[in-house]
Amino acid sequence: MIILKNDTFIERKDALIDMEDRGFQFGDGVYEVIRIYNGKFFLLEDHLKRLQYSLNEAQIDVDLAKRGIKEKLIELAEKNSVDDGGLYIQISRGVAPRNHLFPADAEATIFAYPLPLKKPTDQQKNGVKAILDQDIRWLRCDIKSLNLMGNILAKQKAKDSGAYEAILYRDENHVTEGSSTNIFIVKDGKLITHPKNNYILHGITRKYIQFLAEKLEIEFVERVYSVKEVLEADEVFLTSTTSEVTPIVEIDNEKVNDGQPGPITKKLLEQYDQYLHVERLD
Ligand code: PMP
C-alpha cells in the first residue's frame with residue numbers, strides 16, 4: 001500500500017507518526033473519508049470544501065488548494081489502483097513539544113491512505129437496529145475533528161446492545177445524529193432531518209439525499225425533532241459515506257412501523273447509484 005505523507009508518497013511500513021504529533025496526543029486535527037466508485041471520486045469537491053472548513057475552524061493553517069491536495073489524492077488513488085473503495089485523509093496541527101497552546105512554528109502533518117470499502121448491500125436490504133443514547137459530545141460537531149471519544153463510546157454501546165448505530169439526543173426534544181451517521185425520519189411522505197448547525201456534522205451524504213429528494217420531488221424538511229417523533233416515524237434511515245442510505249428497522253428493540261425498510265427509503269436506495277460520477281453538489 002502506498003501512503004501520502006505530507007507531500008510525498010511512501011510505503012505503509014514507512015508511514016510512522018512522531019510521538020509528539022498533536023493529532024496523536026491531543027486529537028488536534030481533522031479528517032475526511034471519501035468514497036471512490038468505479039475508479040472515480042464521489043463528491044470529492046464537497047469533501048475538500050468541508051475539510052477546509054474544519055481546518056479553518058480548528059485554526060490549522062493549511063490551504064488545501066495551494067498544497068495541491070486534490071491532485072495528490074487522485075494520484076494516491078491511482079497509485080493504489082482503487083476502483084471500488086475510498087480514501088482516508090487526516091491533517092493534524094503537527095509535531096511540537098507537548099503543550100496545550102498552539103506551537104509557534106509546527107508544520108501540519110498530512111496523512112492519506114486507501115480504505116477497503118464495499119457497498120453495505122445486506123444492511124441496505126434488511127435494515128439495521130439502532131439504540132437511543134444521550135449525545136455527550138462537545139458542541140462543535142460541525143468540525144470533523146479527530147476527537148471521537150463520544151462517538152466511539154456510543155457506537156460500542158450500540159454494538160454491545162446488538163445494534164448497528166446509536167441515535168443521539170441532547171434531550172427528549174432534540175435528536176441530533178448518529179454516532180457516525182446523519183439520521184432521517186419520514187413522516188407523511190416528508191423527509192425530516194436535523195438542521196445544519198453546530199450540533200451535527202454536515203454530512204456529504206445528507207447533502208446528496210437533499211439533491212436526490214429534489215429530483216424525486218420529496219419534501220425535505222430541516223428541523224429539530226424529538227425522540228417521540230423518531231419512535232412514531234413511518235420510516236427511519238441513516239446516511240454516511242460508507243453506509244450510504246441504510247434503513248433503521250428497530251430502535252431500542254421496538255420495530256419502526258412494520259419493521260421493514262419503508263417505501264421512501266427504498267426509493268432513495270434505488271436512485272442512489274444514479275449520480276455516483278458527480279464531483280460536486282455546490
Ligand atoms: N455524522 C457523523 C458524526 C459522522 O462521523 C459522519 C461520517 N463521517 C456523518 C455524520 C456522515 O457524514 P458523511 O455523509 O459526510 O460521511
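Relative to the longest principal axis of the C-alpha atoms of the chain, give the angle of the C-alpha long axis of helix 149-160, reported between 0 and 90° and rounded to the nearest 10°. On a 0 to 90 degree scale, this one is about 50. One way to sum up the overall shape of region 121-275 is the equivalent ellipsoid from its Cα gyration tensor, whose semi-axes run 21, 18, 15 Å, largest first. Remark on region 188-275: hydrodynamic radius 13.5 angstrom, per the Kirkwood mean of 1/r across alpha carbon pairs. In the chain the longest region clear of trypsin sites (Lys or Arg not before Pro) that are loop-assigned by DSSP and have at most 13 other C-beta atoms within 10 Å covers 141-222. Taking the alpha-carbon distance from Lys79 and a cut-off under 17 Å, which aspartates and glutamates remain once sequence neighbours fewer than 8 residues away in the same chain are dropped? Once the sequence-local aspartates and glutamates are set aside, what remains near Lys79 is Asp7, Glu11, Asp14, Glu71. Rg ratio for the chain: its Cα radius of gyration over 2.2 N^0.38 Å, N being its residue count, equals 1.02.
The C-alpha atoms of the chain define a longest principal axis, and helix 69-79 lies at about 90 degrees to it. When only alpha carbons are used to place a centre, region 206-237 and region 27-76 end up 27 Å from one another.
Is the C-alpha gyration tensor of region 1-85 telling us rounded, prolate or oblate? Criteria: a/c under 1.5 is rounded; beyond that, a/b larger than b/c is prolate, otherwise oblate.
oblate
Computed from backbone phi, the HN-Hα couplings of region 41-48 come to 5, 9, 6, 4, 4, 5, 5, 5 Hz, rounded to whole numbers (Karplus: 6.51 cos²θ - 1.76 cosθ + 1.60, θ = phi - 60°; Gly and Pro given as x).
At 4 °C and 1.567 mPa s, what whole-number value in µm²/s does Stokes-Einstein give for the translational diffusion of region 53-135, with Rh from the Kirkwood sum over Cα pairs?
Reported coefficient: 80 µm²/s.
A Cβ-based charge dipole, computed about the Cα centre of the chain with Lys and Arg at +1 and Asp and Glu at -1, lands at about 280 debye. Helix 204-216 versus the longest principal axis of the chain: what angle, 0 to 90°, nearest 10, using Cα atoms? Tilt of helix 204-216: around 40 degrees. A Cβ-based charge dipole, computed about the Cα centre of region 121-275 with Lys and Arg at +1 and Asp and Glu at -1, lands at about 500 debye. Note on the chain: with a GNM built from Cα contacts shorter than 10 Å, the maximum mean-square fluctuation among Ser243, Ser226, Ser180 falls on Ser226.
Divide the volume of the convex hull of the Cα atoms of region 1-154 by its number of residues and quote the answer in cubic angstrom per residue.
Spelled out: Cα convex hull of region 1-154, divided by residues, is 138 Å³.
When shorter helices are ignored and each DSSP H run of at least 4 residues is given -39500 (n - 2.57), the per-residue value for the chain at 222 nm works out to -7500 deg cm²/dmol.
When the C-alpha to C-alpha distance is required to be over 32 Å, the pairs from Lys125/Lys207; Lys118/Lys157; Lys40/Lys228; Lys118/Lys190 that qualify are Lys40/Lys228.
Read-outs throughout are calculated quantities, based only on the coordinates presented, and are distinct from any laboratory measurement. Owing to the predicted nature of the structure, the values given are computational and were not obtained by experimental measurement. Note that each Cβ is placed from the backbone with ideal geometry, even for glycine, and that neighbours are counted across all protein chains shown.
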